[in-house]
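Worksheet for the structure shown next.
The values are calculated or read from the model by the stated rules, or taken from the named source; none is laboratory data. Because the structure is predicted, anything quoted here is derived from the model rather than measured. Methodologically, a virtual Cβ is constructed for each residue, glycine included, from the backbone with ideal geometry; neighbour enumeration extends over all protein chains shown. Surface areas here come from the heavy atoms of the whole protein model, side chains and all, with no ligands, DNA or RNA. Shrake-Rupley method; radii C 1.70, N 1.55, O 1.52, S 1.80 Å.
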Amino acid sequence: MNEIYEILDLIKIRPAMYIGDHSITALYSFLNGYSMALNRLSIEDHTDTLLPLPFWFFHEYAARQYGYYESTSGWRNMILDHTNHDESQGLDAFFVMYEQFKSLKIVRYMYAVPDIKHQQFYEKEPLYPDPVKVHLVELTPGYLLLIETKEKYVLINSLYSNKQAPLDYAEQCFGSITKWKCEEIGNLVFDKEFVF
């Protein structure tokens, strides 16, 4: 659901009006409340487009921007650590990074079609049943991995900093995949729902 971007765009113009204070923690609390409301109302977080990425990926993006190994501490704490824990500067830094995040572009794209042996890689129930394709998308910066099934695209919850990491994950899921095909970005069409 990309309504969160519309909300953030409004907050950016007049933060105090919407979140009560010019504070990154006030924004963080507001967004947590928004997320909890979606959860309580059983509204699934999904999107019909790859970009802009689901906002959850902002944790990953902040980690890549600041050189963190992982995003466990969350975007708020990472930004505060880099703004001397100044709440107002933290909010300003958030919106600078948010605009960059919202503007991510695809620079390269490739995919592989798992064959029968890949689909039967797991002896037990597979993590991704009935895979159709595995997609690797290079962004500015970072890499995404998508598993396409008959009904949907499963967006793996990581913004990888290098190409090898998503390839390794794909191999863990499907065994060795050696035949990847590059595709022109202009021909890139995603015609199913994204879930993550």
Solvent-accessible area, 1.4 Å probe, carbon plus sulfur percent, for region 128-196: 46
Percentage, to the nearest whole number, of Cα pairs in the chain over 27 Å apart: 36
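Take the Cβ-Cβ distance between GLN100 and LYS163 as r, set R0 to 22 Å, and report the resulting FRET efficiency rounded to the nearest 0.05. Mind dumping the intermediate values first?
Working: r = 21 Å, r/R0 = 0.95.
The pair GLN100/LYS163 has a calculated efficiency of 0.60.
Tell me whether region 50-100 comes out rounded, prolate or oblate; compute the Cα gyration tensor, take square roots of the eigenvalues as a ≥ b ≥ c, and use a/c under 1.5 as the rounded threshold. Before the final figure, lay out each step's value.
Numbers: a/c = 2.26, a/b = 1.34, b/c = 1.68.
Cα axes put region 50-100 in the oblate bin.
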Over 22 Å (Cα to Cα) - which of LYS102/LYS150; LYS150/LYS179; LYS102/LYS133; LYS105/LYS179; LYS105/LYS181; LYS102/LYS181 fall in this group: LYS102/LYS150; LYS102/LYS133; LYS105/LYS179; LYS102/LYS181
With Cα atoms, 0 to 90° folded angle of helix 3-13 axis to the chain main axis: 30
In degrees, nearest ten, helix 164-174 long axis to first principal axis of the chain (Cα): 50
Degrees, to the nearest 10: 24-40 long Cα axis against longest axis of the chain: 50
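On a full-extension model of 0.36 nm per residue, what is the gain between PHE196 and ASN84, subtracting their alpha-carbon distance, rounded to one decimal in nm? Please list the in-between numbers first.
Details: separation 112, 0.36 × 112 = 40.32 nm, distance 3.31 nm.
Stretched out fully, the PHE196 to ASN84 stretch lengthens by 37.0 nm.
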Sites ASN187 and GLU6, calculated FRET efficiency, Cβ-Cβ separation with R0 25 Å, nearest 0.05: 0.25
Amide proton proximity set for LEU139, modelled H, under 5 Å, gap of 5+: VAL107, LEU144
Protection proxy ranking, peptides 77-90, 176-189, 51-64, 142-155, average beta carbon neighbours within 10 Å, highest first: 51-64, 142-155, 77-90, 176-189
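Sorting check: for 167-173, 24-30, which peptide has the highest mean count of neighbouring beta carbons within 10 Å, and how do the rest follow?
In descending order of packing, they fall as 24-30, 167-173.
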Phi to ³J(HN,Hα) by Karplus 6.51 cos²θ - 1.76 cosθ + 1.60 over region 186-195, Hz, x for Gly, Pro: x, 8, 6, 9, 10, 10, 10, 5, 9, 10
Region 1-93: C-alpha gyration tensor shape, a/c 1.5 cut-off, then a/b vs b/c: oblate
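Ranking request for peptides 92-98, 37-43: highest mean number of other beta-carbon atoms within 10 Å first, then the rest in descending order. List each step's numbers first, then the result.
Numbers: 92-98: 18.1, 37-43: 9.7.
Result, highest mean Cβ count within 10 Å first: 92-98, 37-43.
Quickly estimate the mean residue ellipticity at 222 nm for the chain, helices only: each DSSP H run with n ≥ 4 gives -39500 (n - 2.57), and the total goes over all residues, rounded to 500.
Details: 8 runs with 81 residues, N = 196.
Taken over the chain, the calculation gives -12000 deg cm²/dmol.
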Sequence-distant aspartates and glutamates (8 or more away, or on other chains) whose Cα lies within less than 15 Å of LYS152: GLU44, ASP45, ASP48, ASP130, ASP191, GLU193
